[in-house]
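Worksheet for the structure shown next.
The values are calculated or read from the model by the stated rules, or taken from the named source; none is laboratory data. Bear in mind that the values here come from a model prediction, so they are computed numbers and not experimental data. Don't worry about glycine lacking a Cβ; one is built from the backbone with ideal geometry, like all the others, and counts go over all protein chains shown. Protein only, heavy atoms only, side chains kept; ligands, DNA and RNA dropped before computing areas. Shrake-Rupley method; radii C 1.70, N 1.55, O 1.52, S 1.80 Å.
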Amino acid sequence: MTRRKEVIMPFPFQFVNRRGSAAIVTSGVNVTADNVVFSFPNHSFVNAWYRGTIYIDLAQAVPTGTTGTLPVLFETNGVTQAVTKYNGEALTAADIPGTGVFEFWFDRTTNTLQIMTGVV
């Protein structure tokens, strides 16, 4: 009798949101000639090697009169993160309809922060 050798394949997927989805509220918004920057309290993401969904409550509206084509950035501790839509297009001021909770995908390994579909 021959014994069949079992081949163990790695999972075709990865587990994300291991400790649940992150949620955070912005602490301010600043508009410059180059971009719109939403700020978060210092140390909001300390030691966070995160991959999964994140819910962000944009508590401040983009100021009226802001150029709609300005890209949106998130900032904490003096470090900024670009925010994208599909195909790596920049999320712009025109894409933010007002205050409220928005759903994003964040992957720390690739520094990808993308707004989820259905919002814009």
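In this Cβ point-charge picture (+1 for Lys and Arg, -1 for Asp and Glu), the range 23-115 has a dipole of about 140 debye about its Cα centre.
For the range 23-115, carbon and sulfur atoms together expose 53% of the accessible surface, with a 1.4 angstrom probe and every protein chain in place.
Local charge for S27 was computed over the other residues whose Cβ lies under 12 Å away, with Lys and Arg +1 and Asp and Glu -1, and equals -2. When the GluC sites (Glu not before Pro) in the range 70-110 are filtered for DSSP coil states and for at most 13 other beta-carbon atoms within 10 Å of their beta-carbon, the remaining sites are E89.
R108 contributes about 100 Å² of solvent-accessible surface, heavy atoms of the protein only, 1.4 Å probe.
Kindly provide the chymotrypsin sites (Phe, Trp or Tyr not before Pro) of the range 39-120 that DSSP labels as loop, not H, G, I, E or B, and whose Cβ sees at most 12 other Cβ atoms within 10 Å. Filter output for the range 39-120: W49.
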